[in-house]
Amino acid sequence: MPATAPPPPFDEALRLDLRGLKCPLPVLRAQKELARLRPGALLILECTDPMAAIDLPNLTRETGDLYEGHHKGEGFTAYHLRKAPRP
């Protein structure tokens with residue numbers, strides 16, 4: 001997805017294919033995308049880096065966003081992060 005694309009509406013998820021990227025790139029890309037998403041929007045990251053299992057939950061604890069879990073795909077793990085509502 002180009003960097004200039006608008007954030008997805010609430011009922012859509014932004015899916016990023018981060019397969020092949022190594023630490024710290026998946027968490028840096030997640031941080032960048034979470035910063036521009038609307039509150040309540042879902043971000044799905046497809047990663048092959050095993051460190052993402054540690055880094056992405058830690059990122060959401062630091063940013064206040066929500067880590068909604070993960071599931072295994074064929075050769076990757078998909079992590080679900082949701083942009084936190086504004087205070």
Q | Scan of region 68-82 for residues that are in contact with a Ser or Thr (Cβ under 9 Å, 6 or more places away or on another chain) and buried (at least 16 other Cβ atoms within 10 Å of the Cβ), ordered by number | A | H70, F76, T77, L81, R82
Q) Looking at (1) part of a loop (DSSP other than H, G, I, E, B); (2) modelled with pLDDT of 95 or more, which is the only condition P6 fails? A) (2)
Q. Scanning region 20-65 for residues that are surrounded by fewer than 18 Cβ atoms within 10 Å (Cβ to Cβ) and in a strand (DSSP E or B), which turns out farthest from the chain's Cα centre (by Cα)?
A. E46
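The values are calculated or read from the model by the stated rules, or taken from the named source; none is laboratory data. Source: prediction; values computed, not measured. Methodologically, a virtual Cβ is constructed for each residue, glycine included, from the backbone with ideal geometry; neighbour enumeration extends over all protein chains shown.
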